[in-house]
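Here is the structure we will look at.
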Amino acid sequence: MTQDNPKPETLAAKIGVYICHCGGNISDHVDVETVRRRVEKMPGVAVARTNMFMCSDPGQEMIAEDLKSGTVDRVVVASCAPSLHEKTFRSAIQRAGANPFIYEHANIREQVSCVHHGQAATDKATVLVAAAAAKAGQLKPLTPIRVPALRHATVIGAGAAGLSAARDLADSGIPVTLIEKSSFLGGQLARLDRIAPTGDLAADLVRQLVESVLNHRDITVLTDAEVVGFEGYIGNFKLTVRRGQPAVEPATEPRYIPFSGMQPAGTGADKPGDLTVETGAIVLATGFRSYRPRQGEYGFGDFSPVITLPDLIRKMAERHVPGNMLTIDGRQVRAVAMIHCVGSRQIPGIHPEDENGHLNEYCSRVCCTATLNAADRIRQAYPGTRVYELYRDIRTYGRDQEELYEQAGRNGVVFLRFEAENAPEVLPADPGDGFALKVKVTDTLTFGETLEVPADLVVLATGMEPNDVSDLVEMMKLPVGTDRFLLEVHPKLRPVEMPVAGIFVAGTCQAPFDVGEACNAAGAAAVKAAALLGAGQVELDPFVAEVDVDRCRGTGACIEACLNPGALSLVEMQIDGQTVQRARVTPALCLGCGACVAVCPENAIDVCGMTLRQYEAMVDAIVEN
Amino acid sequence: MTTATRSRGNKILVLATESCAYPGADSVGQAHSSYPANVYILRVKAPVLFPDRFYIDCFDKGIAGIVVMSCGEECPYDGAYHALAKRLDRVYQEMKARDIDIRRLRLTAICTVCNRAFLNEVNQMNAVVGELNN
Amino acid sequence: MDDHNDRNFDALVIGGGIAGLQSALDLADQGFTVAVIERDASVGGKMIRLSKVFPTLDCASCITTPKMAAAAHHDRITLLTYCDLISLQRENGGFRAEVIQRPRYVDARKCIGCRQCEYACPVLVPDREQGGFSPTKAIAIPFSNAIPQIAVLDPNHCMLCGRCERVCPTGAVDYFQQPQPFTVTARTAVVTTGFEMTTLADKPQYGRGKIPNLIDALQMERLLAPHGPYNRVLRPSDGKAPDSIAYIQCAGSRDKSMGQSYCSRVCCMYAIKQAMLLSGSLPLADITIYYMDIRAFGKGYEQFFQNAQAMGINFVKAKVAAVEPGPDGAVVLRYEAQDGEGVTTAEHDLVVLSLGLIPAWNPAGVCPLATASDRFIQSRRPKLAPVETAMEGLFAAGAAIGPKDIVDTIAEAGNAAMAAGKYLAALSRQGQETVAAQ
């Protein structure tokens, strides 16, 4: 390439390189001291040091001291993946009074010590550190972009998590718009009856949540509403919300009676059409749906007495027929068999994939306790009905749940345990014995004996699947895990955040949860949004395009290539007494993708903090080291 | 560049997007899978940043293979993937003109959990580089 | 943390483990001032002592240290470590905490964490932070990534030889330091006092802790930790690398005869995690987990369990009835096999007890806070507001209100910060309304 600009700086950068042992995670495979010795001699490197844990306080302090004493003015830390600690080190640098953007990260854990060993690992680590140092030598201090943030949040989904998050945000003084697709508030919680292990009535919980939301002056509730448009950035999102006719329940789902107060006064029916919601942060609380068994799965669809657990809960809640025996759909039930893990804990090679090639390999978390609760209530209310539970593992993990398990046993629930590869079979009963069905199971609790359990009713403990939010996923560029739930940035470091800044996730759209856990998740998401919006402004990374006005000839090539309309424009300006056109960047709108960089015939535009020249320097370092 | 085209080693450059392929490579590390140590991963916001000549320069400098790991159709920057694919088509023409085997450059999409696809891509490129260097 | 004049904060967080740190950070980020009272000499709680954490196998230090550092450096957070909470009462519409700063015998304002005292000290003491497997000194920084980095002298082992005092470059060693009482007031409080493991000493069926090579899971965490006592997994009795390792699940959980009828919620997953780490460091060893039910219920946990099975870890459904010492340091287990074999014995080189969790703090006599029959703090509305307690303005999160894994603890801590933040906002509104009304 042609290099027609003079050497950028006469004052050479003083680079400090800090290499982390990660307590052995790195140093067991990379000879950290050798890397340090090699790096120390590289051009521009003022010091090279090592530490057991660079992210620890002493590690950070080491960097701060070198900056404060003027020993270094550029920093490279070689440690784990930047997603873990890039932020940590940038803030350490800032605390030391330096500009946080004079920092470059070398990933020698996930991309070296985890995957390579011996001499090769040490050599590759050296090269990556050299490349990082080469880039660091060219880094300039940058100023974060500050944009005002709207003091308003939007919650999508009005189930337990959504209602809870909306109320939390409004209570901390942030106006909220709550958007719900259906005509009702309360989500899946509204379909339940008494909830284990506390015995709370779901209707009471929904009513408390709904009342606190509907009576809140700072919450606007939009039912029958869908998000159809999304634009903007953290602090300044713009959502297009389409309000339609009140949704009609699909006929296949069990009807549930909306509790009083669940339907807000002004439903979408009176003013259908599109409206725009301007908002500073978004909380996704789009919830789950119950797994629908395949035709023929444990006899589902083949035999009418095979129903799902949510079906059973609704049927028992809606029609209580007193008597010695449970009555379902007008038929007395002498024995019920409940099969666990239907649509959950599926294993490749054992369970068939669905039509889209999906398997639900995860545990749905709540079904064991919900099933035990139903079983125990049947035994208590209808002592003439026998109850069998066919399970793989009983997962009564939560507080007071184990006690429910014991109680169900004491109340005469019979437990049979099966292996996944030897699943129970639901068959028509033998003629003459009077039962509707029989369930054949190889029970490992009785040393692998094959038993036949007669049953008038078979209940399938169906798991949770995330609601289909592919439209939002596409619009907002949300990551989805292999389990199809929304995928947080990191389960412990940033558990309620999506990679798009300003979008948070709460409740069962992220993973199966019970009500209390969903409310915890909602609070955790709400507190992050509240902290973000409370300040009135947000800081954005300064990694945006920058025009070199001396080089720009106003060709407009960058504007043509720009992927976010409005981020680049041509403006008129006076240069040497002449009116000329030059490109100008609107930083808050620039995505920093660099589409403009590649097309500029004059090399007059670049992305701050990741310039083309920096990448070229890294390639040179990789080739040379 | 003052130096003439260097003798080509076996170093493979991966341009990995920070929202998909780069965390994907980290996920390979977290799974403790192994791949050739001559693979060097650069974190990029979007590979659409690199002009045609960047690729040619890399080969001239002595890079043996380049795998561009984008987010594919999932790209967070609408239209970037299309622009990138068109650019690489031109780079392939240029490579042919300069007698650089076009198998040395590959465009692929890798997601954050595409461990197997990532390993396939780097292993394949390593095999190509090995074959061409012999 | 150096100056213990009586002070006032918006919020008080009791306990500086991962729950307390997360609550403190989420409160401070909302603009509130927070004091964290920690019994230990460092914040970080149990999590900082772990090796790696399920299901991502991230190293625990890498997740905890940034939160510890962020709290330590936050303008609105004050960390009060090595402090005992004597009393926590409601007073004047807020809370009044009586606290005693325990003596470190090192002046916190002078200590620079240089470790010269530790290097000079001639007294070796079993290192509690390393499961007692390796020694530390009678004066030492608690552990490598402790916050704050202030040395602590152990008066039970110190011989008063004076070497540390002579070598200290800042004159920080003070053999005559006294406990220092002080008062902290706040408008709201969050209890995040966490858990302890049940003790072996009261379990006759497991030899009351006297069987060699029968260790608990937290000790195994140290053996596995990147900066652990031996840098590899060795059997404590003879330093032999074990060929056969077993885990006994529900050792002190789900069993009234052992004192805990409840499920401790994390033991299945930590045992599977340790088994996976062990099969990495000892590829030839046989690893067996004796369990009642595998409770892999969280996000990604079931897949983690399936991976462990695919790696060849043996899962045996059985409740181990008794453990006895065997020949050559072996440990013998007696259990009822499910395959029809009846009562069976098995011999392993090293056996790990997956001990359950009990509350680390009993509020009796300190704070009028109700606990449930399981002795954890009672949650007033477990479904809609798990973090609310029976005391107005007092919230709780993490293992203080029942055994909980890290992921669930962090979410709950965030919710507690939300609840406390809302409570403070409501107090301010009331205050403004009262002023307006006057």
Percentage, to the nearest whole number, of Cα pairs in the protein assembly as shown over 50 Å apart: 30
Of A:181/A:315; A:135/B:96; A:124/B:11; A:135/A:492; A:87/C:110, those spanning more than 22 Å from alpha-carbon to alpha-carbon: A:181/A:315; A:135/B:96; A:135/A:492; A:87/C:110
Most positive-pole-ward Cα, A:71, A:51, A:108, against dipole of the range A:12-142 from beta carbon charges: A:71
Contact order normalised by residue count of the range A:544-607, Cα under 8 Å, 6+ apart, percent: 46
Centre separation in Å (Cα based) which lies between the range C:168-184 and the range B:22-88: 57
Cross-link reach list, aspartates and glutamates versus residue A:14, counting only Cα pairs under 16 Å and skipping chain neighbours closer than eight places: A:40, A:65, A:66, A:73, A:104
Dipole-positive endmost among A:92, A:607, A:535 within chain A (Cβ charges, Cα centre): A:535
In degrees, nearest ten, helix C:267-281 long axis to first principal axis of chain C (Cα): 60
Cβ-defined net charge surrounding residue A:450, 11 Å radius [Lys, Arg +1; Asp, Glu -1]: -3
Burial ordering of A:103, A:233, fewest other beta-carbon atoms within 10 Å first: A:233, A:103
Neighbourhood net charge (10 Å Cβ-Cβ; Lys/Arg +1, Asp/Glu -1) for residue C:246: -3
Nonlocal amide H pairs with residue A:385, under 5 Å, H built at 1.01 Å: A:326
Between 0 and 90°, nearest 10: helix C:60-73 axis offset from chain C longest Cα axis: 10
Chain A, dipole about Cα centre (Lys/Arg Cβ +1, Asp/Glu Cβ -1), debye to the nearest 20: 920
Within the protein assembly as shown: Cβ-based charge dipole about Cα centre, in debye rounded to nearest 20 (Lys, Arg +1; Asp, Glu -1): 1420
Sequence-distant residues sharing a close amide H with residue C:244 (under 5 Å, placed H): C:286, C:349, C:350
Computed FRET value (nearest 0.05) for residue A:95 with residue A:47, which takes r as the C-beta separation and R₀ as 25 Å: 0.85
Angstrom value of the Kirkwood radius, inverse mean 1/r, which spans all Cα pairs in the range A:544-607: 11.5
From phi via Karplus (6.51, -1.76, 1.60), per-residue ³J(HN,Hα) for the range A:489-503 in Hz, x at Gly/Pro: 4, 8, x, 10, 7, 9, x, 10, 9, 8, x, 6, 4, x, 10
Label-point separation, residue B:93 to residue C:337 (7 Å along Cα→Cβ), nm: 7.3
Long-range amide H partners of residue C:8 with built H, under 5 Å: C:185
Residue exposure sequence - A:353, A:616 - by fewest surrounding Cβ within 10 Å: A:353, A:616
Cα gyration tensor, chain C - rounded (a/c under 1.5), prolate or oblate: oblate
Prolate/oblate/rounded label for chain B (Cα gyration tensor, a/c 1.5): oblate
Only Lys, Arg (+1) and Asp, Glu (-1) charged, at Cβ; the range A:12-142 dipole about Cα centre in debye: 380
Ascending count of other beta-carbon atoms within 10 Å, so fewest first, for C:373, A:569: C:373, A:569
Positive-pole candidate from A:422, C:53, C:36, dipole of the protein assembly as shown, charges at beta carbon: C:36
Degrees between helix A:160-171 axis and first principal axis of chain A (Cα, 0 to 90, nearest 10): 50
From phi via Karplus (6.51, -1.76, 1.60), per-residue ³J(HN,Hα) for the range A:79-96 in Hz, x at Gly/Pro: 7, 7, 4, x, 4, 7, 10, 3, 4, 3, 6, 4, 5, 4, 5, 4, 4, 7
Rel. contact order, % - alpha carbon contacts under 8 angstrom, at least six apart, the range C:198-356: 31
Mean-position separation - Cα centroids, the range A:446-493 and the range A:108-133, in angstrom: 39
Equivalent ellipsoid, the range C:198-356 (semi-axes from 5 times Cα gyration tensor eigenvalues, Å): 21, 20, 16
Span from the the range A:378-435 Cα centroid across to the the range C:332-387 one, whole angstrom: 25
Overall dimensions of chain A by Cα: Rg and Dmax, Å: 30.6, 105
Karplus (6.51, -1.76, 1.60) ³J(HN,Hα), θ = phi - 60°, over the range B:49-65, in Hz, Gly and Pro reported as x: 5, 7, x, 3, 5, 4, 5, 5, 4, 4, 5, 4, 6, x, 5, 8, x
Where trypsin sites (Lys or Arg not before Pro) fall in DSSP loop in the range C:181-251, at most 15 other Cβ within 10 Å: C:210, C:232, C:240
Rounded, prolate or oblate (a/c below 1.5 giving rounded, otherwise prolate when a/b exceeds b/c) for the range C:100-207 by Cα gyration tensor: oblate
Estimated 222 nm signal from helices in the protein assembly as shown, with DSSP H stretches of n ≥ 4 weighted -39500 (n - 2.57), rounded to 500: -8500 deg cm²/dmol
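None of the figures in this text is laboratory data; all of them are computed from the coordinates on show. Computed from a predicted structure; not experimentally measured. Virtual Cβ from ideal backbone geometry, glycine too; neighbours counted across all protein chains shown.
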